[in-house]
1. Just for segment 175-204: of the residues that are outside any loop (DSSP other than H, G, I, E, B) and open to solvent by 30 Å² or more (accessible area, probe 1.4 Å), which one is farthest from the ligand (Cβ to nearest atom)?
2. Failed condition for E88, given (1) of a type in the set (D, E); (2) crowded, with 22+ Cβ neighbours inside 10 Å; (3) farther than 21 Å from K195 by Cβ, with all others met?
3. Considering segment 231-265 alone, what residues qualify as being near the ligand (Cβ under 9 Å from one of its atoms) and touching a residue at least 60 places away in the same chain (Cβ under 8 Å)?
4. Do we find a residue being closer than 19 Å to A119 by Cα, near the ligand (Cβ under 10 Å from one of its atoms), of a type outside the set (S, T, Y) and within 23 Å of the chain's Cα centre (by Cα) anywhere in segment 213-223?
5. If we keep just the residues of segment 163-173 that are among the aliphatic types (A, V, I, L, M) and farther than 13 Å from I140 by Cβ, which is surrounded by the fewest Cβ atoms within 10 Å (Cβ to Cβ)?
6. Quick one: P209 ticks every box in (1) open to solvent by 20 Å² or more (accessible area, probe 1.4 Å); (2) within 24 Å of C145 (Cβ to Cβ); (3) within 12 Å of the ligand (Cβ to nearest atom) bar one, so which box is it?
7. Suppose we filter N93, N156 for residues that are in the same structural domain as G230 (by TED's automatic domain parsing) and over 15 Å from L174 (Cα atoms); which single one remains?
8. Scan segment 223-261 residue by residue and report those that are surrounded by fewer than 15 Cβ atoms within 10 Å (Cβ to Cβ) and either of a type in the set (A, V, I, L, M, F, W, C) or part of a helix (DSSP H, G or I) (or both).
Amino acid sequence: MAAVSLEQLKQTVPQSIDDPSHPVAKRLADVLRSRSEKPRTFVLDDPENIAQAVACGIELDSVYFSASANDPKLTGVDPGVPRYCLSESVIQNLFGTQKHSRIFTLARTPKKRSLGELAGGRGDILILDGVRIVGNIGAIIRTACALGAAGVVVINSGLSTIVDRRLVRASRGLVFAMPVVLTTRAECIAFVRQKQLALATLSASATEPLSSIRTVRERLALVLGGEREGLSRELDALATHRYAILMASGVESLNVSVTAGIALYEHAVSASH
Ligand SMILES: C[S@@+](CC[C@H](N)C(=O)[O-])C[C@H]1O[C@@H](n2cnc3c(N)ncnc32)[C@H](O)[C@@H]1O
């Protein structure tokens, strides 16, 4: 679909909202405050992330922009979607000191993805065993998409939904491009056992160098531990491979998203030969 410029959007805007108690502003405030596990709508911001999410099939409910916005392009937005121009004071009232972009949307929450959807894929699966920093989870999802993984399982992250605004931003809208499943460790273990997935854990203290992964032809579930606690004993006990990325002395560990990228790449490259 052709890009629609903000200037074009502004010209078709039926209404400017400059009162925080206006129903449109109140609805936005409710969505931003929601802690629901099943929100019906969520805030999707930044033109690049909006375009990515729309390309992944996300439906937009409404578009918002600040009166002072310049002229960013907004790709793929149906002209029938309602548009609102918000005053700076309404935007300030909504976001306060939180990061936000001058153009954002409300979007409809997609159907929840399930572990079963990961069973039949061909790429590796990433299991995040207690990774809690949303920026890391988002970066891992982005890398997983780029390197052909089948999906990402997220355990004990503290997230209640994948449409968490911080996660959508950190993944650059790619959280909608593949199955991303929030679940418990017990459910994940049951799934791994039932599908007889080969599990490979990554830990700085493992004795086998990651380069050995190049000889593994089968699909793997790669398990990465949390920022503070590392891997759980339960998942490590199920592993058939335990790899370390060798580091210079004096460095305790790598960032978990960096580890995920290196491990996926090592295995994906070898599998393609
Ligand atoms: C920041 S580290 C966790 C450090 C934590 N203190 C620990 O005891 O493991 C987060 C995760 O990244 C992965 N990781 C970090 N450095 C690694 C390395 N050199 N080799 C393999 N995995 C690594 C592991 O999965 C680890 O659980």
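The values are calculated or read from the model by the stated rules, or taken from the named source; none is laboratory data. Quick caveat, the model's predicted, so the values are computed rather than measured. Cβ placement follows ideal geometry from the backbone for every residue including glycine, while neighbour counts extend to all protein chains displayed. Each accessible area value is taken on the protein alone, full model and side chains, heavy atoms only, with ligands, DNA and RNA left out. Shrake-Rupley method; radii C 1.70, N 1.55, O 1.52, S 1.80 Å.
1. From segment 175-204, those outside any loop (DSSP other than H, G, I, E, B) are 175-176, 180-183, 185-195, 198-202; that's our starting set.
Applying the additional criterion that residues be open to solvent by 30 Å² or more (accessible area, probe 1.4 Å) yields 182, 185-187, 190, 193-195.
On the way: L182: 19, R185: 14, A186: 20, E187: 20, A190: 22, R193: 21, Q194: 24, K195: 22 Å.
Checked segment 175-204; the qualifying residue farthest from the ligand (Cβ to nearest atom) is Q194.
2. Condition (2) is where E88 drops out.
3. The answer is L231, N255, V256, S257, A260, A263.
4. yes
5. Residues of segment 163-173 among the aliphatic types (A, V, I, L, M): 163, 167-168, 170.
Cutting the leftovers down to farther than 13 Å from I140 by Cβ gives us 163, 168.
Details: V163: 26, V168: 28.
This residue is V163.
6. Condition (2) is where P209 drops out.
7. Numbers: N93 fails: in the same structural domain as G230 (by TED's automatic domain parsing).
From the options N93, N156, the qualifying one is N156.
8. Answer for segment 223-261, where residues must be surrounded by fewer than 15 Cβ atoms within 10 Å (Cβ to Cβ) and either of a type in the set (A, V, I, L, M, F, W, C) or part of a helix (DSSP H, G or I) (or both): R233, E234, A237, L246, M247, A248, V251.
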